[in-house]
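Following: one structure in structure tokens, then a few remarks.
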Amino acid sequence: MSLERLKAARKKTVGTKQTVKALEKGKTRVVYVARDAEEHVTRDVIQLAREKGLELIMVDSMAALGKACGIEVGAAAAAILEA
């Protein structure tokens with residue numbers, strides 16, 4: 001499953017703000033976005049990932065994405081960073 005890579009990643013971002021910052025700095029390898037997150041929250045993350053030609057993985061729920069990141073609340077976006 002694709003979330004296994006996120007769970008195992010040493011460097012990652014959790015949340016849309018951190019993920020957008022990492023995308024803008026060019027430090028991101030793979031981007032994850034929750035399908036059930038509100039569109040206005042994830043719009044910038046999706047747009048930046050597509051502009052940069054990065055792998056964009058859609059996850060079923062914010063709860064599943066948050067759990068994969070090791071937090072107890074949902075996450076709208078996350079990313080694996082370059083080592």
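Applying a threshold of 8 Å to beta carbon distances and a minimum spacing of six or more residues, or different chains, the list of pairs starting in region 15-41 at a residue that is within 18 Å of Ala83 (Cα to Cα) and ending at one that is open to solvent by 30 Å² or more (accessible area, probe 1.4 Å) and of a type in the set (Ser, Thr, Tyr) reads Tyr32/Ser2. Once region 1-13 is narrowed to residues that are outside any helix (DSSP H, G or I) and touching a helix residue (DSSP H, G or I) at 6+ places or on another chain (Cβ under 8 Å), the residue that is surrounded by the most Cβ atoms within 10 Å (Cβ to Cβ) is Thr13.
From the list Gly66, Gly53, Gly74, the one residue that fits, being open to solvent by less than 90 Å² (accessible area, probe 1.4 Å), under 19 Å from Leu3 (Cβ atoms) and in a loop (DSSP other than H, G, I, E, B), is Gly74. Whether a residue is in a helix (DSSP H, G or I), within 12 Å of the chain's Cα centre (by Cα) and at pLDDT 95 or above was assessed, and Leu23 passes this test. The C-beta contact set for region 44-62 (first residue under 10 Å from Thr28 (Cβ atoms) and at pLDDT below 95, second residue aromatic (Phe, Trp, Tyr) and surrounded by 14 or more Cβ atoms within 10 Å (Cβ to Cβ), distance under 9 angstrom, 6+ apart or interchain) is empty. If I filter region 32-49 down to residues being of a type in the set (Asp, Glu) and more than 16 Å from Ala64 (Cβ to Cβ), which single residue comes out as least open to solvent (accessible area, probe 1.4 Å)? Restricting to residues being of a type in the set (Asp, Glu) and more than 16 Å from Ala64 (Cβ to Cβ), the top hit is Asp44.
The values are calculated or read from the model by the stated rules, or taken from the named source; none is laboratory data. This structure is a prediction, so every number in the text was calculated from the model and none was measured. As a convention, Cβ positions derive from the backbone with ideal geometry for all residues, glycine included, and neighbour counts pool all protein chains shown. For accessibility, only protein heavy atoms count, side chains too; no ligands or nucleic acids. Shrake-Rupley method; radii C 1.70, N 1.55, O 1.52, S 1.80 Å.
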